[in-house]
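What follows draws every value from the coordinates through simple rules; no lab data is involved. Being a predicted model, the structure only gives us computed values, none of them experimental. Cβ sites come from the backbone with ideal geometry, for glycine too, and all protein chains shown count toward neighbours.
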Amino acid sequence: MKKIQAVRGMHDILPQQTPLWQFLEDTVRDVFSRYAYQEIRMPILEQTALFKRSIGEVTDIVEKEMYTFEDRNGDSLTLRPEGTAGCVRAGMENGLLHNQVQRLWYQGPMFRHERPQKGRYRQFQQIGLETYGMAGPDIDLEVILISARLWRQLGIQGLELQLNTLGTAEERNNYRQELIGYLAAHRDQLDEDGLRRMDSNPLRVLDSKNPDMQALIESAPAMMDHLSEESRQHFRQITDGLDAAGIDYVINTRLVRGLDYYSRTVFEWVTNQLGAQGTVCAGGRYDGLVEQLGGRATPAMGFAMGVERLVALLETLEIQPAGSSVDAYLVLMGEAASTEGMLLAERLRDALPALKLQTNCGAGSFKAQFKKADRSGARVALVLGDDEIANGIIGIKWLREEREQAALEQAELVSFLERL
């Protein structure tokens, strides 16, 4: 019989990998809470219309990558390809947005039918942060500062912050028309994607990685030349704030978001450590999306980051979470020790909430149990047998250090493990 395997592009995260994931997730939760952001949890399934209206029908995500199907009622449903649209939908539906200020974050699986490669999967984990109701540059700056603090707390160095502004919707539309004219005049230099996007999504042409189009892109009109003084001042306040905070950045005038609801500030954190998948966090202001989905005009700003890429970066940089292994392994020999050992382990866990104690189950010889203890990564093995029970003691065998095996009074075990 043929073995059933995981769906292509959807991978398992194994026990030896999860400590790094938990370290990342715990750090994110800690950093976001320090800025008073609240977690929101949205469904994995949404109505397909939500993504067609938010992302746009003439996009690779909607045209090629979404997992869409009809349910038994004939409704078209889609596994969410990203989190922002669902967050806006939840905010509108539950009355969180109108005339209110919200600071929200979420995490969970997203789905895109892409060609699987390192750092890019068909089911991938995403962490997102979204803010609503604040139009000034101060919240843009705060969002970028949060991401910068997250890298520091994770111990990640060497990321480059790229920054750009897309102006207001009106300024962007004026620029869009000029860009379409420019691209139309150079139609013969566009590739297939460029021709397809020229009228419907021209800013995405600027994001092309095709080396044959780079000279054309470099000579294209610049968005910066179409900004009002108000938009320039908005951007200037952000760069001034980053300068004051000592955060380096590069202004990348070709950094765009190909969706109409984006406006003003856009940014990315990129690395050269992961090959082609260099963007680990991307964000921007999207003041038009709430209105586009049927709500009242609401300023919004946020970012999203792929967990797999960040975990890969932590691995590449050899960043390991502290204290992820077992502290002690309880070796039990004999029927009485098996029962007494379980009760002793529970008393130790009550007394020491941070203790990571693994108890041997399934019997086995001393040799076999010590092999298990060694594989667990524990620093010490605690040995309990009939003699130890009779004398009220516990054996201590060091697994990672050259130290003599010893015996302790059971009453002294809590203070010993505290010091450990």
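The length gained by stretching the chain between N272 and N94 to full extension, at 0.36 nm per residue less their Cα-Cα distance, is 60.0 nm.
Applying a DSSP loop filter and a limit of 11 other Cβ atoms within 10 Å to the GluC sites (Glu not before Pro) in segment 323-420 leaves E401, E402, E404. With the cut-off at under 11 Å, measuring from each backbone N in segment 326-368 to a point 7 Å along the Cα-to-Cβ line of Q405 picks out 366-367.
Can you work out D for segment 328-419 in µm² s⁻¹ from Stokes-Einstein, where Rh is the Kirkwood radius over C-alpha pairs, the temperature is 37 °C and the viscosity is 0.692 mPa s? D = 251 µm²/s. Straight-line reach from K372: which lysines have a Cα under 22 Å away, not including same-chain ones fewer than 8 places off? Answer for K372, where 22 Å is the Cα cut-off: K356, K397, listed by chain and number. For the chain, the longest principal axis of the C-alpha atoms and the axis of helix 335-351 are separated by about 50°.
Using the Cβ-Cβ distance between D207 and V414 with R0 = 41 Å, the FRET efficiency computed as 1/(1 + (r/R0)^6) comes to roughly 0.10.
The average projected area of the chain, computed from the convex hull of its Cα atoms over all directions, is 28.2 nm². Between Q237 and D199, the FRET efficiency from the beta-carbon distance, with R0 = 30 Å, is close to 0.30.
Take the Cβ-Cβ distance between K2 and R375 as r, set R0 to 30 Å, and report the resulting FRET efficiency rounded to the nearest 0.05. For K2 and R375, the calculated efficiency is 0.40. When the alpha carbon gyration tensor of segment 268-359 is reduced to an equivalent ellipsoid, the three semi-axes, largest first, read 50, 22, 10 Å. Applying the criteria of a DSSP loop state and at most 10 other Cβ atoms within 10 Å to the trypsin sites (Lys or Arg not before Pro) of segment 154-213 yields K209.
For segment 1-82, applying the loop criterion from DSSP together with a ceiling of 13 other beta carbons within 10 Å to the trypsin sites (Lys or Arg not before Pro) yields K2, K3, R8, R41, R72.
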